[in-house]
Amino acid sequence: TRDHPPAHTALRDRLLAAVVACFKRHGAAAIDTPVLELRETLMGKYGEDAKLIYELQDQGGELLALRYDLTVPFARYLAMNKITNMKRYHVAKVYRRDNPATTRGRYREFYQCDFDIAGQFDPMIPDAECLKIVHEILSDLQLGDFLIKVNDRRILNGVFAVCGIPESKFLTTCSTVDKLDKMPWEEVRSEMVGEKGLSPEAADRIGEYVQLHGGLDLIERLLQDPKLSQNKLAKEGLGDMKLLFEYLTLFGITGQISFDLSLARGLDYYTGAIFEAVLLQQENDHAEEPVSVGSVAGGGRYDGLVGMFDPKGRKVPCVGVSIGIERIFSILEQRVEASGEKVRTTETQVLVATPQKRLLAARLKLISELWDAGIKAEMLYKKDPKLLKQLQYCEDTGIPLAAIVGEQELTDGVIKLRNVATREEVRMHFYIRFHKC
């Protein structure tokens, strides 16, 4: 992680607030889980990314780890508390033993913003809502054009099966396919053959499928595919994908959705629909180099994860999405720096000011009454500050109003409320018992 100046911290706080507001709008309840988990809780859930888990050992010899994401702790939480139905959100830090790339919003300690729906429901309705949430957030933040890629692990596994890949190699092949957004097909094929031990013929057959992308028309075409239509897993996945697109059409968001067979999501716990959002226009006219931060949201269905933590193996179907808040913040941060825009570091509404000396008591009395009334107020920590300095502080920090109280105002039982930007003033009745200090 890194230190942030107050302006950038305020920018991130507003970004987090916008995301949380969307989660609440969809009826999610907030939960929290510990930063520390048992090592055995996290291991075996993340595929090749397990090497990025921070492992710890306490003084008693217990093996612990810092949480890698918020999904596995949530599944453990559901199992331990015997919860079978929940819509939740969670905003918290996670930790990864990764190589930082600050310009791409990639850190070892960073925030994740998760939304999940747990419970037994009719197919694809919760999945469609997760995609709607991603669409709402990325639209509201006005980051530019974006695309949400969707696929289904069952379709991928069906593709691997009809291409002659043994089931024992499904997960490792999946993690290689997941690199297609960063590497050309030739390099991915080379890794399949050279490192994963697939035959060149099998890799070529996979390539014919995983380079396809489209919409309902592609789903219909694959449902008629002579090989895939004979595979049970692929047929189930394609049927649900068709249903998902029908719901997304009702939501009116299919213009930003692409059915993409190259999307794999490398985590082992996904069992069905998977999705990932990417920005299409990441260029910044004011920056020397384009802003490139990769995906800004991702998620999917993980129906088997809760059962791993239940003593009786009881499953709770789940689907969720994680918003890449640090990556989005990197984009907004660079835009603000390039534009020279001032970001307010506080939410202060009014500065209590005095134009003459020996009126500290009046300021303290007035600001106390404002605080008690729930108004966000500040004052300078000097006994006799000059009025010009107080008004300059308002301009520097973006405080919109100054409540000015002088000897005449005290005599008349009023305060002078000044709009700092327009310099307009109005007198308001406000009794303050006069004490000189």
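Considering only protein heavy atoms and a 1.4 Å probe, what is the carbon-and-sulfur percentage of the accessible area of the chain? Please report the intermediate quantities before stating the final value.
Working: 10790 of 21500 Å².
Result for the chain: 50 percent of the exposed heavy-atom area is carbon or sulfur.
Please report the relative contact order for the chain, taking Cα pairs under 8 Å with a sequence separation of at least 6, and give it as a percent rounded to a whole number. Kindly include the intermediate steps, with their values, before the conclusion.
Numbers: 792 pairs, mean separation 71.5, N = 437.
Reported relative contact order: 16 percent.
If I ignore ligands, DNA and RNA and count only protein heavy atoms, how much of Val193 is accessible to a 1.4 Å probe, in Å² to the nearest 10?
Result for Val193: roughly 50 Å² accessible.
Could you work out the equivalent-ellipsoid semi-axes for segment 350-429, taking the square root of 5 times each eigenvalue of the Cα gyration tensor, largest first, in whole Å? Provide the component values of the computation, followed by the final result.
Working: eigenvalues 54, 40, 37 Å².
Listed largest to smallest, the semi-axes of segment 350-429 are 16, 14, 14 Å.
Expressed as a whole number of Å, what is the distance separating the alpha-carbon centroids of segment 361-377 and segment 183-214?
Cα centroid to Cα centroid, the span is 68 Å.
If one computes the Cα centroid of segment 106-137 and of segment 410-432, what distance in Å separates the two points?
What the calculation gives is 49 Å, centre to centre.
Quote the accessible area belonging to Arg96 in square angstrom, nearest 10, computed with a 1.4 Å probe and with ligands, DNA and RNA left uncounted.
50 Å²
Any idea what the relative contact order of segment 161-204 is, in percent, if you count C-alpha pairs under 8 Å spaced at least 6 apart?
41 percent
Which ³J(HN,Hα) values in Hz, rounded to whole numbers, follow from the phi angles of segment 418-423 under the Karplus curve 6.51 cos²θ - 1.76 cosθ + 1.60, where θ = phi - 60° and Gly and Pro get x?
Residue by residue, segment 418-423 yields 10, 7, 5, 6, 9, 6 Hz.
With log10 I(q)/I(0) by the Debye sum over Cα atoms at q = 0.07 Å⁻¹ defined as stated, name the option among [x] -0.47; [y] -0.38; [z] -0.67 computed from the structure displayed.
Matching the structure shown: [x].
What number comes out for accessible area per residue over the chain if the probe is 1.4 Å? Units Å², please.
Here the per-residue accessible area is 49 Å².
Report the trypsin sites (Lys or Arg not before Pro) located in segment 330-437 that are in a DSSP loop and have at most 16 other Cβ atoms inside 10 Å of their Cβ, or state none.
Hits after loop and neighbour filter: Lys342, Arg344, Lys357, Arg358, Lys376, Lys382, Lys383, Lys386, Arg423, Arg433, Lys436.
Normalising by the residue count of segment 350-429, find the relative contact order in percent from Cα pairs under 8 Å and 6+ residues apart.
31 percent.
Pop the C-beta distance of Leu417 and Arg25 into the FRET formula with R0 = 45 Å and round what comes out to the nearest 0.05.
0.85
As a check on your grasp of the helix formula, calculate [θ] at 222 nm for the chain: sum -39500 (n - 2.57) over DSSP H runs of n ≥ 4, divide by the residue count, round to the nearest 500.
Helix-only estimate at 222 nm: -11500 deg cm²/dmol.
The values are calculated or read from the model by the stated rules, or taken from the named source; none is laboratory data. Treat the numbers as computed from the prediction; the structure is a model and nothing was measured. Quick reminder, even Gly has a Cβ in these numbers, built from the backbone with ideal geometry, and neighbours come from all protein chains shown. Each accessible area value is taken on the protein alone, full model and side chains, heavy atoms only, with ligands, DNA and RNA left out. Shrake-Rupley method; radii C 1.70, N 1.55, O 1.52, S 1.80 Å.
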